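These notes are about the structure you will find just below.
The values are calculated or read from the model by the stated rules, or taken from the named source; none is laboratory data. Quick caveat, the model's predicted, so the values are computed rather than measured. All Cβ positions, even for glycine, are placed from backbone atoms using ideal geometry, and neighbour counts span all protein chains on display.
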Amino acid sequence: MNDSLNFRCGTVALLGRPNVGKSTLMNRIIGSKVAIVTPKPQTTRHRILGIHTDEQCQIVFVDTPGIHKSDKRLNRNMVRIAWAAAEEADVLVVMQDASKALDRATSSLIQGFADGRLKQPRLHVLNKVDLVPKAGLLPRLAETQRLDPGAAAYIPVSAGKGTQVDALLKELAALLPVAPAIYAPDWYTDQSQRQLAAEYVREQVFLAMQQEIPFQTAVEIEAFGEDEHGMSIEAAILVGNERHKPMLIGKQGERMKMIGTRARKGLEGLFGCRVDLRLWVKVQPDWFDHPGRLQDLGLDG
Ligand SMILES: Nc1nc2c(ncn2[C@@H]2O[C@H](COP(=O)(O)OP(=O)(O)OP(=O)(O)O)[C@@H](O)[C@H]2O)c(=O)[nH]1
Ligand SMILES: [Mg+2]
């Protein structure tokens with residue numbers, strides 16, 4: 001039997017409320033940090049592809065921003081990006097954080113998939129089961145099934161620990177159309193090195209800063225070069241408010257230094273070469289509410 005006749009390929013959108021672990025799951029499957037992860041909600045702002053290829057299938061995962069309500073233009077765009085990805089995908093993964101009580105926003109999101117507007121097959125993934133006592137899992141699975149009885153499967157996983165991720169991959173592959181691979185087998189993301197560099201810096205800003213500052217911060221790569229010694233990257237961290245600048249820089253520039261060092265180390269690991277990373281802070285009042293600026297940053301949804 002010729003295996004190429006049975007090869008499956010398609011797109012799987014990873015959808016859910018912020019912070020449920022969508023990006024962690026994608027990174028786990030791809031085996032590399034293609035999407036940044038932080039303990040803060042609204043970390044992912046773009047649609048990010050992570051491509052898994054094995055002998056039987058190619059699954060093009062589409063990581064999306066968490067679905068939430070907000071008046072801010074940036075946030076509304078993020079949610080639009082998530083729904084657009086859902087509409088285009090072959091299969092939908094609807095993810096929830098099983099370690100937290102099933103709140104109203106989560107249950108109405110789950111229920112929303114049952115209304116049949118999106119026709120693709122969908123799977124519910126209950127994540128972070130490493131934090132859930134065994135007795136808590138069955139009722140949660142039953143409740144999810146009650147809210148959306150028409151899904152193809154309901155799978156508990158731990159994206160963080162990797163538990164049950166293979167079982168999820170098997171279920172997903174079976175739902176994909178028989179089709180040849182779209183990407184070469186060694187491709188694992190659609191992001192350029194510039195985009196990855198900007199995201200790795202933004203991850204460190206998210207980790208280092210508190211309150212509203214990370215959510216009002218973006219990263220723009222201003223220069224990017226590569227030679228036999230490695231890469232040389234210059235990036236501006238945009239802040240939306242003058243008073244955030246000294247907070248980001250820190251006493252004697254210590255916080256910026258820490259952000260730069262950590263982002264550089266991450267990028268050196270990812271790219272496998274020396275990286276010279278230079279950062280500075282640029283104030284752009286309310287950039288996150290300006291349509292033109294959001295478009296420049298690729299955040300126009
Ligand atoms: N204990 C545990 N923590 C997890 C697991 N999966 C993700 N996390 C943590 O949950 C937090 C959020 O993870 P992300 O992958 O950034 O979540 P997300 O859904 O992509 O979030 P947004 O991009 O904001 O929508 C991080 O601190 C992760 O380390 C898991 O299986 N177990
Ligand atoms: Mg994410």
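Condition test on Ala184, is it surrounded by fewer than 15 Cβ atoms within 10 Å (Cβ to Cβ) and either assigned to a helix (DSSP H, G or I) or not aliphatic (A, V, I, L, M) (or both)? No: the conditions fail for Ala184. Taken over the range 46-76, the residue count meeting the criterion of being surrounded by fewer than 22 Cβ atoms within 10 Å (Cβ to Cβ) and closer than 18 Å to Leu297 by Cβ is 7. Output the residue which, of all residues in the range 51-70 that are of a type in the set (D, E, K, R) and out of contact with any strand residue (DSSP E or B) (no Cβ under 7 Å at 6 or more places or on another chain), is nearest to ligand 1 (Cβ to nearest atom). Filtering the range 51-70 for residues that are of a type in the set (D, E, K, R) and out of contact with any strand residue (DSSP E or B) (no Cβ under 7 Å at 6 or more places or on another chain), the one nearest to ligand 1 (Cβ to nearest atom) comes out as Lys69.
Lys128 meets all of the listed conditions (1) within 12 Å of Val157 (Cα to Cα); (2) away from ligand 1 (no atom under 16 Å from the Cβ) but one, namely (2).
State which residue is nearest to ligand 2 (Cβ to nearest atom) when the search covers only the range 1-41 and only residues that are among the aliphatic types (A, V, I, L, M) and closer than 13 Å to Ala159 by Cα. Here the answer is Val37.
For Arg80, indicate whether it is crowded, with 18+ Cβ neighbours inside 10 Å and touching a residue at least 12 places away in the same chain (Cβ under 8 Å).
Numbers: crowded, with 18+ Cβ neighbours inside 10 Å: no; touching a residue at least 12 places away in the same chain (Cβ under 8 Å): yes.
Here the answer is no, as Arg80 does not meet what is asked.
Scan the range 262-284 and give yes if some residue there is in contact (Cβ under 8 Å) with a residue 24 or more places away in the chain, in a loop (DSSP other than H, G, I, E, B) and farther than 20 Å from Leu297 by Cβ, otherwise no. Taking every residue of the range 262-284 in turn, at least one turns out to be in contact (Cβ under 8 Å) with a residue 24 or more places away in the chain, in a loop (DSSP other than H, G, I, E, B) and farther than 20 Å from Leu297 by Cβ. Cβ-Cβ distances below 7 Å connect no pair with a first residue in the range 4-33 that is within 22 Å of Gly112 (Cα to Cα), a second residue that is modelled with pLDDT under 95 and not charged (D, E, K, R), and a separation of six or more residues or different chains.
Applying a threshold of 7 Å to beta carbon distances and a minimum spacing of six or more residues, or different chains, the list of pairs starting in the range 220-236 at a residue that is in a strand (DSSP E or B) and ending at one that is surrounded by 10 or more Cβ atoms within 10 Å (Cβ to Cβ) and among the hydroxyl-bearing types (Ser, Thr, Tyr) reads Gly225/Ser232. When residues in the range 71-88 are screened for being within 12 Å of ligand 1 (Cβ to nearest atom) and either among the small types (Gly, Ala, Ser) or farther than 20 Å from Thr24 by Cα (or both), 2 of them pass.
What's the number of the only condition in (1) modelled with pLDDT under 95; (2) among the hydroxyl-bearing types (Ser, Thr, Tyr); (3) within 16 Å of ligand 1 (Cβ to nearest atom) that Ser23 fails to meet? The single condition Ser23 does not satisfy is (1). The residues in the range 116-131 that are surrounded by fewer than 19 Cβ atoms within 10 Å (Cβ to Cβ) and over 14 Å from Thr11 (Cβ atoms) can be counted, and the count is 5.
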